[in-house]
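A short write-up of the structure that comes next.
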Amino acid sequence: VHGTSATEVAVKFDCSKKYPCSRIILEDVNLSYKDRPATASCVNASCVNAGGSSSGLVEPKVCL
């Protein structure tokens, strides 16, 4: 995935305890916001309710 985000926070995993996100795979993601790197926001910085992996270039950096 390559492109621009409509908001500064381009990646946000907001998963519940009852229905957690799992097996998320991010590979070669490059997102920007207004000609600069976008950011990522993960609820609970340790990704308690979101799990998976990332590989290759992943911008913005995520907590997987």
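Listing for the model above:
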{"quantity": "Residue match in region 19-34 (condition: hydroxyl-bearing (Ser, Thr, Tyr), open to solvent by 50 Å² or more (accessible area, probe 1.4 Å), modelled with pLDDT of 90 or more and in a loop (DSSP other than H, G, I, E, B))", "calculated": "yes"}
{"quantity": "Close pairs (8 angstrom Cβ cut-off, 6 or more residues apart or separate chains): under 10 Å from Leu26 (Cβ atoms) and open to solvent by less than 50 Å² (accessible area, probe 1.4 Å) in region 39-64, assigned to a loop (DSSP other than H, G, I, E, B) and at pLDDT below 75 anywhere", "calculated": "Leu64/Cys47"}
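The values are calculated or read from the model by the stated rules, or taken from the named source; none is laboratory data. The structure presented is a predicted model; accordingly, all values stated were derived computationally and were not measured. We place every Cβ from the backbone using ideal geometry, glycine too, and count neighbours over all the protein chains shown. In case anyone asks, the SASA skips ligands and DNA or RNA and just uses the protein heavy atoms, side chains included. Shrake-Rupley method; radii C 1.70, N 1.55, O 1.52, S 1.80 Å.
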